[in-house]
1. How far is helix A:367-380 tilted off the main Cα axis of chain A, in degrees rounded to 10, range 0 to 90?
2. Compute the separation of the alpha-carbon centres of region A:206-241 and region A:45-82 and state it in Å as a whole number.
3. Along Cα-to-Cβ, 7 Å out, sits the label point; list in nm, shortest first, how far the one on B:Asp81 is from those in the other copies.
4. Check cross-link reach from B:Lys334 to the lysines: straight Cα distance under 27 Å, and skip same-chain residues fewer than eight apart.
5. Collect residues whose amide H, placed 1.01 Å from N in the peptide plane, falls under 5 Å from the amide H of B:Val80; neighbours closer than 5 in sequence don't count.
6. What number, in percent, do you get for the relative contact order of region B:27-110 if the mean sequence gap of Cα pairs under 8 Å and at least 6 apart is divided by its residue count?
7. Checking the table B:Lys123/B:Lys215; A:Lys151/B:Lys90; B:Lys134/B:Lys191; A:Lys151/A:Lys191; A:Lys123/A:Lys191; A:Lys90/A:Lys266 against a 20 Å threshold on Cα-Cα, which pairs fail?
8. Ignoring ligands, DNA and RNA, what accessible area per residue does region A:205-256 give at 1.4 Å, in Å²?
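The values are calculated or read from the model by the stated rules, or taken from the named source; none is laboratory data. Worth saying up front: this structure is predicted, and the values here are computed from it rather than measured. Don't worry about glycine lacking a Cβ; one is built from the backbone with ideal geometry, like all the others, and counts go over all protein chains shown. These area figures cover heavy atoms from the full protein model, side chains too; ligands, DNA and RNA do not enter into them. Shrake-Rupley method; radii C 1.70, N 1.55, O 1.52, S 1.80 Å.
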There are 2 protein chains.
Amino acid sequence: MLPHVIIVGGGFGGLKAARELRHAPVRITLIDKSNHHLFQPLLYQVATAGLSPADIAAPIRGVLGSQANTEVLLGEVTGVDLNAREVVVKDRRIRYDYLVIATGSTHSYFGHEEWEKYAPGIKSIHDATMMRQKILLAFEAAESEDDPEKKRKLLTFAIVGGGPTGVELSGALSELAHHALAADFRHIDPKLARIVLVEAGPRVLATFHADIALKTQRKLEKMGVEVRTNSRVECVDAQGVVVGGERIEAATVLWAAGVVASPAAKWLGIPSDRVGRVKVAPDLSIPGHSNVFVIGDTSTLEQNGQPLPGVAPVALQEAQFVARRIGRLVRGEKAEGVFHYHDKGNLATVGRAFAVVDFGRRRGTGFFAWILWLVVHIFYLIGFRNRLAVIFEWAWAYLTFQRGARLITDASPANSE
Amino acid sequence: MLPHVIIVGGGFGGLKAARELRHAPVRITLIDKSNHHLFQPLLYQVATAGLSPADIAAPIRGVLGSQANTEVLLGEVTGVDLNAREVVVKDRRIRYDYLVIATGSTHSYFGHEEWEKYAPGIKSIHDATMMRQKILLAFEAAESEDDPEKKRKLLTFAIVGGGPTGVELSGALSELAHHALAADFRHIDPKLARIVLVEAGPRVLATFHADIALKTQRKLEKMGVEVRTNSRVECVDAQGVVVGGERIEAATVLWAAGVVASPAAKWLGIPSDRVGRVKVAPDLSIPGHSNVFVIGDTSTLEQNGQPLPGVAPVALQEAQFVARRIGRLVRGEKAEGVFHYHDKGNLATVGRAFAVVDFGRRRGTGFFAWILWLVVHIFYLIGFRNRLAVIFEWAWAYLTFQRGARLITDASPANSE
């Protein structure tokens, strides 16, 4: 009987681990609560009506279907029994010999969970289509609104969080308003939409080099985005946000700040950091259980005195390390060594044909950075079909300014709030 | 002040009428309760995970944005005041000089509205993605199910209604099960999925010629679909359907039989037929109001002793007629003549590379009919981008058997029924 590896989570980390183990003498079960792998770096594009959900997601079964040693289970894990070596999925308990937890993170509201209903974040396709709907309905409502105060509020959008997601959202929203929707309305001028990006720290893109951050802010401002740094959000409600004592009236507030890990640490009953991430050993296993690994956003590991960031490349490299480790363990080989992350750099796109790249000594902004950003993101997309589809969608949008996926598909949008 | 034309509905009829009036000396307001025009003939493809919503829908504002005399309003019409010449949209009343009602139809359950929750139909993108989810979750549930009886029920699909929609749904579902999903599961063989098409009348495709209908049935049977004709559904519930006294246990029942018109007749307070369609005059206006027109599925007109069918080409030709009529009326020209529908024929696709076409004397089935079906459907799709996207998606699916849009995007699929 082959050893059973359970992988929880079909995101970057989980899927990579499964693929890297395809030739190992193991039986693999990958469990995810949704049926698709999501390319999260492009989720903001779905949220701003630039791409369709199917362009950035691949059914996990489609990816792993031909991998003979692997099966996929659609289910939500609710706990782990370390002693019995079992994973609990609803009313089933499944035994493992090796366990890889890669369940990611979700957005957090710094203790103000009540802000969530006013300021949605994007972590899933459902989130992204809901955000898209919220944005498009704001323009629709403004079109029919006679009161100029209310109209102004409907055309004001606040984005909280100046990291890559917030920067990308505000840039894309600005393009949507100033280009794609420009000719669509008769009683409003979408180009007059007010987009405010609010960042608590001293600059946007805190993980990038300072001059990159400065160029990004300048570019956003040129695109019509108001960038407020050193501005902590004190309140989020139906009227908008309060920042530094000032009320910004906005019908739409989007959340791109603050993450919290999945409940993995609770399942395992072991120490976690301030945002719930599991503190793993240098070989990514948990203390006392060398057959249980936690990778990606839901774990934390220090390197050079700093915790590794919750970004895709970290999850991918950790997955590869763990897969190799398990491969050696099942073959009875020596399994030594610790994980070391090779930071290849940071990328973010700011708008049409403008991105920023930071590879440490080599940095750049502008059109060529954007080409690089395109190439990297298309390369890492799972599925050849998806790559073609995204190239097609982007080429279309770039050439025509049309944002192709501007659908409101909720059951009764005309009656939505 | 230019005369105001209000068009209610942004489907085939409404959108065509608006476009045909783009050079007329009128002001147009098109009102729809959703923000997009939907290419309904391909909705079954979204429901069976072959196409994405954005491939078959176009934002109405995107289509009409450049039409200077036209504005779009997202709203739900709740009534018409014929005397005051006003359309009621929520709490607003909008005055018209000419009114075109093109609000379409929805599915009906022959008086058994309680069947709807067990047997959804497809009339909107929301319907289609919900149906897609239902279908995919049935396979997921069967994969985790140990009880062979329950497994068999989960892998049984019943489709009610043997018209083009039912035929197309069963053919596409068969392809999904027998090809696209074939390698995805480990505890079920999707090829063993049982698909039953139930038709109350003596044959499928009642509006097509008899030998076309026969060839269609044979093709479906070759594809693994059980076709039951002369079989009226007596009951639909959580266990499946009862047909001719026989219980067919099916976890998934899809409805493709029976339509009912939108409430237009009630708004206008005028006579309608058995399924609520407005009985229009030969010039498509309503009795006593030559400035109010009703077109498409929500109207009924006899030609050669038969009511015109509720298909897209009828709506398109009626829209053109009405637009020209209004164009003449506003210019003070003579406006005579009655509407005559030129029936160019019927098309339906049965499966991969097999369609049926019926142009009266010229009929055909098979691969070339399929090419024709492809060409016609792509031609009538609104939007060049959509046409390219659909060509791409279909070429991909045809070449690889992969059905690209297999996503379950509901908030918590692992916890769905």
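1. 40 degrees
2. So the separation of the two Cα centres works out to 33 Å.
3. B:Asp81 label point versus its equivalents elsewhere: 7.0 nm.
4. List returned: B:Lys16, B:Lys279.
5. B:Val88
6. Reported relative contact order: 27 percent.
7. Too far apart for the 20 Å limit: B:Lys123/B:Lys215; A:Lys123/A:Lys191.
8. 46 Å²
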